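Everything below concerns the one structure shown next.
The values are calculated or read from the model by the stated rules, or taken from the named source; none is laboratory data. Values in this document were obtained by computation on a predicted structure and should not be read as measured data. Backbone-built Cβ (ideal geometry, glycine too); neighbour counts: all protein chains shown.
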Amino acid sequence: DVPILISPSVLNADLANLTDEIGRITHADYVHLDVMDNHFVPNMTFGLPVVERILATTDVPADVHLMIDHPDEWAPAYAEAGAASVTFHAEASNAPVRLARELRAKGARASIALRPATGVEGYLDLLDEFDMVLVMTVEPGFGGQSLITGTLPKIRRTREAITALGRDIWVQVDGGISRDTIATAAAAGANMFVAGSAVYSADDPNAEIGALRETATA
Ligand code: DX5
Ligand code: ZN
């Protein structure tokens, strides 16, 4: 069966205190790290040196989301650094299949992300090359936005194609995921849920992770 996985994003956590902030989400399956370069998205966060330090100081597996131009050039270094999963954007990669194979060869799960306006159709014949498809449920760049319901049919089409293939490929959703929206995303076929503001605005992030998990499973 498809596992239900919660991957809190530290984007809206205290970025000056990441060690403690990641220490507050020990019940998470992954920690979601949003790398932004101010080119692919109009915002900038952190890059490889910071991710390397996070990997060295936490036991929670890292789910790296690269919102950057030229991922073909940069993504393999994150796999080499020990990220459990590396997601790059379809819109930014010149050779997604070659890149996915390179990520896998370096021991990471290979994942491809689709902005809200990017169709999944062009990737359906290539699903076997990926361990996960990230269907963005907001325009990437910022936390705290509302889920765009127009992305739900794409989640459904992606899950249907994976089921037809009979593969264990995960479908991740990212953006606007909360107790109010997670069941809808799960019903559409998502199984890995990124939640930034929902987890880090809670008094008890671990309890919120539990609540999200329960709501997704219900
Ligand atoms: C947005 C990032 C997300 C962000 C989600 O571009 O990719 O991971 O942190 O934040 P919320 O859960 O607040 O929508
Ligand atoms: Zn993200």
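Of the residues A81, A95, which single one is over 14 Å from the mean Cα position of the chain (by Cα) and either surrounded by 21 or more Cβ atoms within 10 Å (Cβ to Cβ) or over 30 Å from N206 (Cβ atoms) (or both)?
On the way: A81 fails: either surrounded by 21 or more Cβ atoms within 10 Å (Cβ to Cβ) or over 30 Å from N206 (Cβ atoms) (or both).
The conditions single out A95.
Which one of the conditions (1) in contact with a Leu (Cβ under 7 Å, 6 or more places away or on another chain); (2) over 24 Å from V31 (Cβ atoms) does A79 fail to meet, given that it meets all the rest?
The one condition A79 does not meet is (2).
Sort through A185, A105, A110, A164 and tell me the only one that's within 16 Å of the chain's Cα centre (by Cα) and more than 16 Å from ligand 1 (Cβ to nearest atom). If you could, list the steps in order and put the result at the bottom.
On the way: A185 fails: more than 16 Å from ligand 1 (Cβ to nearest atom); A105 fails: within 16 Å of the chain's Cα centre (by Cα); A164 fails: within 16 Å of the chain's Cα centre (by Cα).
Going through A185, A105, A110, A164 in turn, the sole match is A110.
For the list (1) more than 25 Å from N191 (Cβ to Cβ); (2) within 15 Å of ligand 1 (Cβ to nearest atom), I need the number of the one condition that E80 fails.
(2)
Of V64, V135, which residue is more than 30 Å from T19 (Cβ to Cβ), hydrophobic (A, V, I, L, M, F, W, C), at pLDDT 95 or above and within 16 Å of ligand 1 (Cβ to nearest atom)? Full working, then the answer.
On the way: V64 fails: more than 30 Å from T19 (Cβ to Cβ).
From the options V64, V135, the qualifying one is V135.
Tell me yes or no: at least one residue of region 198-218 is modelled with pLDDT under 95 and either part of a loop (DSSP other than H, G, I, E, B) or more than 25 Å from G119 (Cα to Cα) (or both).
So the first thing to find is which residues in region 198-218 are modelled with pLDDT under 95, and the list is 217-218.
Narrowing further to those that are either part of a loop (DSSP other than H, G, I, E, B) or more than 25 Å from G119 (Cα to Cα) (or both): 217-218.
Yes - at least one qualifying residue is present in region 198-218.
Examine region 7-25 for a residue that is of a type in the set (S, T, Y), without any contact (Cβ under 8 Å) to a residue 24 or more places away in the chain and within 29 Å of D128 (Cβ to Cβ), and state whether such a residue exists.
Residues of region 7-25 of a type in the set (S, T, Y): 7, 9, 19.
Among the residues that remain, those that are also without any contact (Cβ under 8 Å) to a residue 24 or more places away in the chain are: none.
Taking every residue of region 7-25 in turn, none turns out to be of a type in the set (S, T, Y), without any contact (Cβ under 8 Å) to a residue 24 or more places away in the chain and within 29 Å of D128 (Cβ to Cβ).
Conditions tested, residue by residue: (1) over 23 Å from I68 (Cα atoms); (2) not acidic (D, E).
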site: L114; (1), (2): no, yes
site: L134; (1), (2): no, yes
site: P153; (1), (2): yes, yes
site: D180; (1), (2): yes, no
site: F193; (1), (2): no, yes
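Find all pairs meeting these conditions: Cβ atoms under 6 angstrom apart; at least six residues apart or on different chains; first residue within region 163-175 and free of Cβ contacts under 8 Å to residues at least 40 places away in the same chain and under 23 Å from G150 (Cβ atoms); second residue away from ligand 1 (no atom under 16 Å from the Cβ) and of a type in the set (S, T, N, Q).
Close Cβ pairs (under 6 Å, with a partner that is away from ligand 1 (no atom under 16 Å from the Cβ) and of a type in the set (S, T, N, Q)) amount to V171/T158; V171/N191.
Specify which of the listed residues (A75, A28) is of a type in the set (G, A, S) and assigned to a loop (DSSP other than H, G, I, E, B). Let's see the steps before the verdict.
Values: A75 fails: assigned to a loop (DSSP other than H, G, I, E, B).
That would be A28, the only listed residue that is of a type in the set (G, A, S) and assigned to a loop (DSSP other than H, G, I, E, B).
Output the residues belonging to region 61-78 that are touching an Asp or Glu at 6+ places or on another chain (Cβ under 8 Å) and either among the acidic types (D, E) or more than 20 Å from V97 (Cβ to Cβ) (or both).
P61, M67, D69
Give region 23-43 a look and list any residue that's under 18 Å from A62 (Cα atoms) and within 14 Å of ligand 1 (Cβ to nearest atom), or say none.
I25, A28, Y30, V31, H32, L33, D34, V35, M36 - these are the residues of region 23-43 that are under 18 Å from A62 (Cα atoms) and within 14 Å of ligand 1 (Cβ to nearest atom).
Would you pick out the residues in region 133-145 that are buried (at least 21 other Cβ atoms within 10 Å of the Cβ) and among the aliphatic types (A, V, I, L, M)?
V133, L134, V135, M136
Here's the yes/no breakdown for (1) away from ligand 2 (no atom under 16 Å from the Cβ); (2) loosely packed, with under 15 Cβ neighbours inside 10 Å; (3) under 16 Å from the mean Cα position of the chain (by Cα):
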{"position": "P3", "(1), (2), (3)": "yes, yes, yes"}
{"position": "V10", "(1), (2), (3)": "no, no, yes"}
{"position": "N17", "(1), (2), (3)": "yes, yes, no"}
{"position": "T26", "(1), (2), (3)": "yes, yes, no"}
{"position": "V31", "(1), (2), (3)": "no, no, yes"}
{"position": "V35", "(1), (2), (3)": "no, no, yes"}
{"position": "V51", "(1), (2), (3)": "no, no, yes"}
{"position": "T58", "(1), (2), (3)": "yes, no, no"}
{"position": "V64", "(1), (2), (3)": "no, no, yes"}
